[in-house]
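Novice: Below is the structure I would like to discuss, written out as structure tokens.
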Amino acid sequence: MNTITDALVARLCDRVSASTSDTLSTVEVFTGGTLAKVPRSSPQDVAEAVEAARVAQRAWANVAVADRIAIFERFHALVLEHSEQVLDLLQAETGKSRRDAFLEAASPLVTVGYYARKAPKLLASQRREGMMPLLVKTTELRAPKGVVGIITPWNYPFALAFTDLIPALIAGNAVVLKPDTQTALSTLFGVDLLYQAGLPQGLLRVVLGDGPVVGTAIVDTADYVGFTGSTRTGREIAARAGQRLVGCSLELGGKNPLLILADASLAKAATGAVQTCFSNSGQLCMSPERLFVHTAVYDAFVARFIEEVKRMNLTAAYDFSADMGSLTSRRQLETVSAHVEDAREKGATVLAGGRARPDIGPFFYEPTVLTDVTPEMLCYDSETFGPVVSIYRVADDVEAIARANATMYGLNASIFSKSIPHAESVAAQLNAGTVNINDGHVVGFGSADAPMGGMKDSGLGRRNGAEGLLKYTEAQNVSVQKVPLTTPPRWLPYGLFAKNMRALLRLFRKAGIR
Ligand code: NAD
């Protein structure tokens, strides 16, 4: 905590585009006391930030991709150099355990490493097949969108902002970023490091304030919107962006299933389930909240799982001792408590946890495991976004797959099985954008070469992989006609020209050329 000084907070707040002296308070989650007062931006500040970013973007678009990447290589080194400060800020603002903060801080490093290697080729102009071999030359160009608006939530303020803004900037765009106010300092610290690494001034602007005011102002002015947050807000953003015909990508909520197949290693499954279900106190879009366990291993798995859950250490400490930290806000604590109370009242059985722990910190809640959960309970199909999981017994894979898919969401799924071909065949039948086998969520999220995102109400578009970069570009097709192809010379009657063309098309098809 002692690395968060008033001088640091003042320096970070200077990075916010805000013209008035209005401020918003943030909370130090472990104590509930005030952490900082951060500037509040107005819609006018957003408009000015977008315009200024637009000017900076024109020069940036002319900087060679290799020179853009060099800045991110320096940023990578700076994040590692200042990692203790990143962890302190993340813990203070989110209440997560230091272990969770450590994993989060590593995420932008993976993104930099991946796009530093892949972006030059992905962004270079590519020769494409022309309409006619030899007679038409076609090239695909990639131009930046312009100003990208990025709006992020409070649960992973460092990882989520940077996973999106790194490819947006490398692709030649400017960015106007709106992090959640409660976790603004963690994001601003990374922004400050990026400027220290040499990012041209003004290219990345940060605004703060209420989502419906400041977020809406971004959606109304940016050339593309990258949004991470709830499905409810995602729908509003998509509708608004649709009115202006600008694109958006939406990384939204989940109600993720975890399947324990009959041939799973129960030791690995129990440890893996604890790790993934209670990461960031379950405030992780990819965390499972529904466990489907094959009846043959149900009793043995549940016994092991509950034993491990009950051993978890909850501590409000700025060190690596805690297995699980706090919820981030009173609102989250109220939602989690309401879901558990509702389930208890309607007949669910609480196998572990089930109560708040104000003796540790104001927003702490125990890791909680429920059974006998039925469709009329809130936690059956609504996202709890907390440390609460329900376990269901299933007769076979067919039932597990059907129940896993019986949700409006399709973000992440996890499978435990000793047979990889068996697990892969189940994975192919799940409606989820990411499926992790013998892991909960980390290997899917960390494998940056493959796109990641949600099916159904969990989102639109993907981050990571080629898609995670190219979504921030406009594709342009430049085609050159080397000899006239579509109009016959004056001396050739059109009927004869058409006949020759048909013969040529037949020949091409036969030769497999076109
Ligand atoms: P939220 O939708 O309330 O807020 C997210 C961001 O959007 C915040 O910065 C907020 O200020 C802003 N916002 C709110 N209303 C807005 C509006 N009308 N226009 C523009 N911006 C607006 O979500 P939250 O509660 O902060 O975050 C939790 C949700 O995010 C959960 O549902 C979780 O599953 C989801 N999430 C998804 C992913 C993913 O990658 N799929 C990652 C993290 C969190």
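Novice: Compute the projected area of the convex hull of the Cα atoms of the stretch 213-272, averaged over all viewing directions, and report it in nm² to one decimal place.
Specialist: 6.1
Novice: Let me check something: with ligands and nucleic acids excluded, how do 501, 455, 408, 286 order by accessible area (1.4 Å probe), largest to smallest?
Specialist: So, going from the largest accessible area down, we get 408, 455, 501, 286.
Novice: Right, something else. Counting DSSP beta bridges with both partners in the stretch 92-214, what percentage is antiparallel, nearest 5? Write out the running numbers ahead of the final one.
Specialist: Details: 3 of 11 bridges.
Approximately 25 percent, going by the DSSP bridge assignments.
Novice: Between residue 447 and residue 513, what is the spin-label point distance in nm, taking each point 7 Å from the Cα along the Cα→C-beta axis?
Specialist: Taking the two extended label points, one gets 4.0 nm.
Novice: With an 8 Å Cα cut-off and a minimum separation of 6 or more residues, compute the relative contact order for the chain in percent. Working shown, then result.
Specialist: Numbers: 1083 pairs, mean separation 90.2, N = 514.
With pairs under 8 Å counted, the relative contact order is 18 percent.
Novice: Also: Over all Cα pairs of the stretch 137-281, how is the pair count split among 5 Å bins, expressed in % and running from 0 up to the last occupied bin?
Specialist: Reading upward from the zero bin: 2, 9, 17, 18, 16, 11, 9, 7, 6, 4, 1, 0.
Novice: Distance between the C-alpha centers of the stretch 143-172 and the stretch 55-71? Whole Å please.
Specialist: Taking the Cα centre of each part, the stretch 143-172 and the stretch 55-71 sit 16 Å apart.
Novice: So, in nm, how far is label residue 63 from label residue 382 when the simple model puts each one 7 Å beyond its Cα toward the Cβ?
Specialist: 4.6
Novice: Further, regarding this structure: I need the phi-derived Karplus couplings for the stretch 132-137: 6.51 cos²θ - 1.76 cosθ + 1.60, θ = phi - 60°, integer Hz, Gly and Pro marked x.
Specialist: 10, x, 6, 8, 10, 10
Novice: Same structure, new question: Give me the percent of the accessible area of the chain that comes from carbon and sulfur atoms, probe 1.4 Å, all protein chains in place.
Specialist: 55
Novice: Okay, next question. For the chain, what ratio Rg/Rh do Cα atoms give with a Kirkwood hydrodynamic radius?
Specialist: 1.05
Novice: Once both labels are modelled 7 Å past Cα along the beta-carbon direction, what's the residue 479-residue 299 spacing in nm?
Specialist: Output for this residue pair reads 6.9 nm.
Novice: Quick one: order 307, 383, 129 from most to least accessible surface, probe 1.4 Å.
Specialist: Accessible-area ranking of 307, 383, 129, largest first: 129, 307, 383.
Novice: Can you tell me how much longer the chain between residue 11 and residue 424 gets when fully stretched, taken as 0.36 nm per residue apart minus their C-alpha distance, in nm with one decimal?
Specialist: The span from residue 11 to residue 424 would gain 143.7 nm if fully extended.
Novice: Could you estimate the translational diffusion coefficient of the stretch 191-344 from the Stokes-Einstein equation, with Rh from the Kirkwood formula over C-alpha pairs, at 25 °C and 0.890 mPa s, in whole µm²/s?
Specialist: Result for D is 127 µm²/s.
Novice: Also, I was wondering about something else. On a full-extension model of 0.36 nm per residue, what is the gain between residue 395 and residue 70, subtracting their alpha-carbon distance, rounded to one decimal in nm? Walk me through the intermediate numbers first.
Specialist: On the way: separation 325, 0.36 × 325 = 117.00 nm, distance 5.43 nm.
Net length gain for the segment: 111.6 nm.
Novice: Quick one: how many Å² of residue 507 are accessible to a 1.4 Å probe, rounded to 10?
Specialist: 110
Novice: Work out the FRET efficiency for residue 102 and residue 244 from their Cβ-Cβ distance, taking R0 = 45 Å, and round it to the nearest 0.05.
Specialist: Once rounded, the FRET efficiency stands at 0.65.
Novice: In whole Å, largest first, what are the principal axis extents of the Cα atoms in the stretch 1-98?
Specialist: Projected onto the principal axes, the Cα atoms of the stretch 1-98 cover 48, 35, 22 Å.
Novice: Considering only the chain, what is the antiparallel percent among its DSSP beta bridges, to the nearest 5?
Specialist: Percentage antiparallel, nearest 5: 40.
Novice: Taking the stretch 456-512, which trypsin sites (Lys or Arg not before Pro) meet the DSSP loop condition and have no more than 15 other C-beta atoms within 10 Å?
Specialist: The qualifying sites are 482, 490.
Novice: Next question, about the same structure. Quick one: if you take sqrt(5λ) for each eigenvalue of the C-alpha gyration tensor of the stretch 430-514, what semi-axes come out, biggest first, whole angstrom? Present the calculation step by step, with values, prior to reporting the outcome.
Specialist: Working: eigenvalues 493, 55, 27 Å².
With the √(5λ) rule applied to the stretch 430-514, the semi-axes are 50, 17, 12 Å.
Novice: Can you give the Rg to Rh ratio for the stretch 103-166, taking only C-alpha atoms and Rh from Kirkwood?
Specialist: Ratio of gyration radius to Kirkwood radius: 1.19.
Novice: Just to be sure I follow: if Rg is taken over the C-alpha atoms of the stretch 256-455 and Rh is the Kirkwood radius over the same atoms, what is Rg/Rh?
Specialist: Values: Rg = 15.9 Å, Rh = 16.8 Å.
Rounded to two decimals, Rg over Rh is 0.95.
Novice: Moving to a separate point now. Summarise the long-distance tail of P(r) for the stretch 120-221 by giving the % of C-alpha pairs beyond 16 Å. Working shown, then result.
Specialist: Values: 3236 of 5151 pairs.
Considering the stretch 120-221, 63 percent of its Cα-Cα pairs are separated by more than 16 Å.
Novice: Additional query: Starting from a Cα-only point model with no solvent, please compute log10 I(q)/I(0) by Debye for the stretch 337-463 at q = 0.12, 0.15 1/Å.
Specialist: -0.56, -0.85
Novice: Please get the size of the charge dipole for the chain, origin at its Cα centre, with Cβ charges of +1 on Lys and Arg and -1 on Asp and Glu, quoted in debye to the nearest 20.
Specialist: 3000
Novice: Provide the descending list of Cα extents for the stretch 52-172 along its principal axes, expressed in whole angstroms.
Specialist: The Cα atoms of the stretch 52-172 stretch 63, 30, 24 Å along the principal axes, largest first.
Novice: Which whole-number value in Å² is the accessible area per residue of the chain, probe 1.4 Å?
Specialist: That works out to 41 Å² per residue.
Novice: For residue 320 and residue 349, FRET efficiency with R0 = 35 Å and r from the beta-carbon atoms, rounded to 0.05?
Specialist: 0.55
The values are calculated or read from the model by the stated rules, or taken from the named source; none is laboratory data. All values derive from a computational prediction rather than experimental measurement. Using ideal geometry, Cβ is built from the backbone for each residue, glycine included, and neighbour counts are taken over all protein chains shown. Ligands, DNA and RNA are excluded from the accessible area calculation, which covers all protein heavy atoms including side chains. Shrake-Rupley method; radii C 1.70, N 1.55, O 1.52, S 1.80 Å.
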